[in-house]
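Quick notes on the structure that follows.
Every number here is computed from the coordinates shown, using simple stated rules; none is lab data. Small disclaimer: the values here were computed from a predicted structure and weren't measured. Neighbour counts run over all protein chains shown; Cβ positions are idealised from the backbone, glycine included.
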Protein chains: 4
Amino acid sequence: MGRPRLRDLGITVGQLPPGPLNAITDVAGVRVGHATVIHDTPSVARTGVTAIWPGGDDSWERAVFAGYHSFNGNGEMTGTIWIEEQGLLASPFCITNTHAVGVVRDALVAYAVEHKVPMEWHLPVTAETYDGWLSDAESFPVTPAHAFAALDAAASGPVAEGNVGGGTGMICHAFKGGIGTASRVVKTAGETFTVGALVQANYGDRALFRVDGVPVGREIGPDVVPHHRDLATPGGSIIVILATDAPLLPIQCKRLARRATTGLAWVGGIGSNGSGDIFLAFATGNRVARGVKIAAVRMIAPDQITPLFQAAAEATEEAILNAVVAAETMTGFKGHSVHALPHDRLCAAMRKYGRLK
Amino acid sequence: MGRPRLRDLGITVGQLPPGPLNAITDVAGVRVGHATVIHDTPSVARTGVTAIWPGGDDSWERAVFAGYHSFNGNGEMTGTIWIEEQGLLASPFCITNTHAVGVVRDALVAYAVEHKVPMEWHLPVTAETYDGWLSDAESFPVTPAHAFAALDAAASGPVAEGNVGGGTGMICHAFKGGIGTASRVVKTAGETFTVGALVQANYGDRALFRVDGVPVGREIGPDVVPHHRDLATPGGSIIVILATDAPLLPIQCKRLARRATTGLAWVGGIGSNGSGDIFLAFATGNRVARGVKIAAVRMIAPDQITPLFQAAAEATEEAILNAVVAAETMTGFKGHSVHALPHDRLCAAMRKYGRLK
Amino acid sequence: MGRPRLRDLGITVGQLPPGPLNAITDVAGVRVGHATVIHDTPSVARTGVTAIWPGGDDSWERAVFAGYHSFNGNGEMTGTIWIEEQGLLASPFCITNTHAVGVVRDALVAYAVEHKVPMEWHLPVTAETYDGWLSDAESFPVTPAHAFAALDAAASGPVAEGNVGGGTGMICHAFKGGIGTASRVVKTAGETFTVGALVQANYGDRALFRVDGVPVGREIGPDVVPHHRDLATPGGSIIVILATDAPLLPIQCKRLARRATTGLAWVGGIGSNGSGDIFLAFATGNRVARGVKIAAVRMIAPDQITPLFQAAAEATEEAILNAVVAAETMTGFKGHSVHALPHDRLCAAMRKYGRLK
Amino acid sequence: MGRPRLRDLGITVGQLPPGPLNAITDVAGVRVGHATVIHDTPSVARTGVTAIWPGGDDSWERAVFAGYHSFNGNGEMTGTIWIEEQGLLASPFCITNTHAVGVVRDALVAYAVEHKVPMEWHLPVTAETYDGWLSDAESFPVTPAHAFAALDAAASGPVAEGNVGGGTGMICHAFKGGIGTASRVVKTAGETFTVGALVQANYGDRALFRVDGVPVGREIGPDVVPHHRDLATPGGSIIVILATDAPLLPIQCKRLARRATTGLAWVGGIGSNGSGDIFLAFATGNRVARGVKIAAVRMIAPDQITPLFQAAAEATEEAILNAVVAAETMTGFKGHSVHALPHDRLCAAMRKYGRLK
């Protein structure tokens, strides 16, 4: 994590304060782990797996509530039919590349079996974005061992960003993308809650890229930083994971997930046809223990929820920007290169539009 | 209620026991009221309004959780976008004829205003089925006063069935239809819960009509009881209201609502294109008081919920059959007649197929 | 239309060119009409009805495809259950205030009856936002005659904006809001298509208001232009109508509708809990005549659709800004005043952030 | 296929005529293939893969329209987020056991890569039901080779039923279940269309099992045919695949999929909490070739579609019954046995209730 984050450059987006780590791990119990897969033989791989534990050690024993939203569904997130039905998320889950969804999904089953989770069957969540420009996706470089490694590596504390884990080979607004995270702290309903976001950012046109409203993508044109590819119909995708310790019901998690759309829009995502823009939100403010027949839970009143929505939008926005700021130029499959967003150019654009001194 | 109900004929459907009234009002706090509008001048009206209070006197003050499902959406139920978003139902609501949805919906606003409900705006629920065969729907015979009357008439206790309230002019499987109700009592999660159904039944082909699996509609053909109309593409609709005192979250209310499909299928509803088959479920097992910032609620565990699903299916099935058994032959607009299901023929068919001694 | 529009101030948002009128009526066949209801006795009314004909004279005879999306469902749009089921919109429709949804909805039925539309029943679309701050909504000032007037007034050509029709009493980002419109022209799939938006804008916090990324709402604080109200949980809503002549299938109309979220986010809408942010998109590129058994239609390929998405986002963004720019300061119910966005202050803010010379 | 099918026993359900094969393959172009995995070492496997090609050889080149519905989502069907977004199905797909979803899903990607399908990324459909009672699911016996074998074995013509392919180890209403298929032919909109169903049936309580309305499950109690297991909360699932050659749009495919609920209800499925009842419908009546920018397609008018709905319900009903009739008693993992439905007892029950001479 030698590269600075957005705020290290003096740039602040949004109005709400971040948590201590400005990361999804500001939500107590959330753990993140990466397995980064980079090799040039036998195939060129720039890929990996990012694992998230929603509720610490007892993620299987004490489910959290969850909901998802697909802003544009040219992507995959397994396990969502079950989440839509029951509103519960009762296991760690992973993000990886498109063609590794299956191996990682089954690895989550195997991991549960190995850890003797007392459930007959598993319907785990695995999401994806496509890294085939930098990585030889058709060589299927991700193995169950990578998923296990990401799951075992998961920890609280700071989260590595940029070219790591599932984000290793990703591209965002025609700059190098990857994993990013951020958080917000809000007071509402008489309590203080945290909302954290983690993104695997792999979407977007250069021309639409904005930072706090400044048209940075237009300021840093292909003459300054070359596009990686001449695309008529740009693809790519973004997975957004939102976590909060607020006591949201499943229907409220779904509402929260939908607000990732707002943060995505602020950076310049419009849900292009080729993009799988799929958002999962979970809330640790209630835990539902396996075997309990009637659970006592709390629900934040709808008229108290708006600050959490704003927090979700802001955390998503900043997580994407952190992904792009952290990512470094990468060369991979077929010699393709994707350039990092040059920090000096970013700061120059912000200054030009009155946002940095 | 001079006409017998299904069980009065010795016919029992389903496996679970009904509540004391075998009606939606077996769920404590639920009230039902009808305003029946029948006149021949200035226009021929065979219509009305049925009002339901989900939670007694404090239906506005202490919301219940709710969810809806549209099996076939050629119909209207206002207020559902709000229910889908927040999962709360915080007012009485009505069922009427298709062309009176607006007047009744606004009457619910006016009723709330008149009763000084301290909410700035209202998004009330009003659902409909079409009675234009027996009633001159285009004369718009329903007025706000009818809605007020139904709301004021609402009571606990037995519920009038057949040609009453919103069900006055309805037609079901080419017999006279209308309002019907039923309930089931189940033990699960260590407690005892009631599920009640109320239907406004106005759908269906004669040939598909079944009672406990017996093809009664084929046994009582148009040679025995004439069809009211020669229909290439039969229209009609059914509104199903499900109530339970179980502690369901909104997402679980939606699941319950979807199970009305099963009960409807058992009687012979297939979701014809012209049918608005829309189901609303609410649960009084949690009440959310206005002004509470964080509500303490209970959630039945998903693995305890199946008996409630079976109860919803069975109550829906029997409510439809009660509607048809209670309804009486009616003549109305343009001299159209719709015949009641003859009870002796029904019993004969049940005997023929080994269901009645 | 004495007040200028956004572009008249020298401010341009988005990258795509507008149509000749920069209005939803750039889509051939689309007509818009307003009935504005302003009076101080017997009650203080600042309200109205806006009517839209999707397909000219034969809006009833030749349906268009349609789809809707609810970004935050604290609002009402009738007729959506039917649109979700069949994907067809076969009548003119209206936008009004919250408590007039019923009267206007039934007026659409009556209007169809009066015009001898040969359909047995009608499930018309009526949407709303709440104007109770400036208008005595509980006096129910809208009548069927207002709906008829708006329907009859509908025309192609320029569209009046600001304090007109359904938008008369609306408030947006704590400035005076109302009706706004805009359009975009795109080339894709070898053809040229238009996407138009019309909004009834009544949502939003001042602090989140942005114009082309510039934080105008923060620049024009309550010290400069007073807030109309001290709101802990701001309400309000926005209805967005999107029209296009592209050959979209119903599922594609739904996708288009969802993109209004992006344009809304660009201006500063986050889907606050109290906001009914409901979007309806229709496509005139296919017309389905009543009575045809199998219709020949065209479908734009998904990989050609992204420019339409961008157009929908941009048109929505500019339509909102046009609503705010056109609206004029209004005083109404209980003496409440809501201030117009001062154009000079807007331009000053744009200059400060490098967007205007 | 030595075992008879339902009609071979003299039992007919439904009112519409079946196609020549009474199978999903009556829809031209549809191919089905099975890979059955049965071994006792190194682990006890009673599992497999069933592959379906929606459109013959050019299933990848010329997409069909598709839609899905989840009646109860305790299951997995990958690829549905993409289908919900675009309404297109452009590849063969598979059904297998729960814990093999990943390996089979990735095998579909690998199969496409191997066959040089010119698409950058793949989001294939793989669905599942759980066979862990008869098969050691946690030994992960399914390999990519099995998926390839099922895909390569796919053919038009009769479809093997019962203990084959993905259905090998399945259990239905506490009898042995598995794969079943059926079809219906309907005339509507001036043309003749076929609707076919294929099910992987693994759900249901004995007591709810009905054949043409006859309570066969109650007639053949555990004293006659032992239950395989003492279940408080029965699990299991059913995947229903519906195919038609009618020209349905995506939104209409979704409607068709929802009608599988009706057929399922007729046999006794109530969507138990533990059941993943997920239905996919596709229509070959339109084919959308890759690379076409604007496709000419046909749409059946909504008012002509009801016969297809009835066909979908009937085909689903009979496909389930064919699965149960075809399945044979199986012993597997841990010595568990699941008994076939005894045909003589079935016929006796039908005779008792007046359905068979």
| Around C:Lys116, with a cut-off of 13 angstrom between Cβ atoms, what is the net charge of the other residues, counting Lys and Arg +1 and Asp and Glu -1? | -4
| query | In what order do B:Thr284, A:Thr41 fall by count of nearby beta-carbon atoms within 10 Å, going from fewest to most? | reply | A:Thr41, B:Thr284
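Can you tell me, using C-alpha contacts under 8 Å and at least 6 residues apart, the relative contact order of chain C as a whole percent? Don't skip to the end; give the middle numbers.
Values: 997 pairs, mean separation 90.4, N = 357.
It rounds to 25 percent for chain C.
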| said: Straight-line reach from A:Lys116: which aspartates and glutamates fall under 14 Å, measuring Cα to Cα and dropping same-chain residues less than 8 apart? | reply: A:Asp57, A:Asp58, A:Glu61, D:Glu138
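Per residue of chain D, what 222 nm ellipticity follows from adding -39500 (n - 2.57) for every DSSP H run with n ≥ 4, rounded to the nearest 500?
-7000 deg cm²/dmol
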| task | Report the calculated FRET efficiency for C:Asp223 and B:Thr143 (r = Cβ-Cβ distance, R0 = 56 Å), to the nearest 0.05. | result | 0.65
| request: Evaluate the relative contact order of segment B:45-105 (contact order divided by residue number), counting alpha-carbon pairs under 8 angstrom at least 6 apart; express in whole percent. | output: 46
| task | Output the Cα-based Rg and Dmax of the protein assembly as shown in Å, rounding Rg to one decimal and Dmax to a whole number. | result | 30.0, 93
| Gain in length, C:Ser43 to C:Asp344, computed as 0.36 nm per residue apart minus the alpha-carbon separation, to one decimal in nm? | 104.9 nm
| task | Return the lysines within reach of C:Lys176: Cα separation strictly under 21 angstrom, same-chain partners fewer than 8 residues apart disregarded; answer none if there are no such residues. | result | C:Lys334
| request: Would you give the gap between the C-alpha center of segment A:333-355 and the C-alpha center of segment B:18-81, rounded to a whole Å? | output: 60
| To the nearest Å, what is the center-to-center distance of segment D:153-220 and segment A:90-158, using C-alpha atoms only? | 34
| query | So which lysines can C:Lys293 reach, going by Cα to Cα under 20 Å and dropping same-chain residues fewer than 8 places off? | reply | D:Lys187, D:Lys254
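What number comes out for the charge environment of C:Pro158, summing +1 per Lys or Arg and -1 per Asp or Glu over other residues with Cβ under 11 Å away?
Once positives and negatives cancel, what remains is -1.
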| note | Using alpha carbon centers only, segment A:277-312 is separated from segment D:295-328 by a whole-angstrom value of 39
| said: Rounded, prolate or oblate for chain D? Axes are the square roots of the Cα gyration tensor eigenvalues, ordered a ≥ b ≥ c, and the cut-off for rounded is a/c under 1.5. | reply: oblate
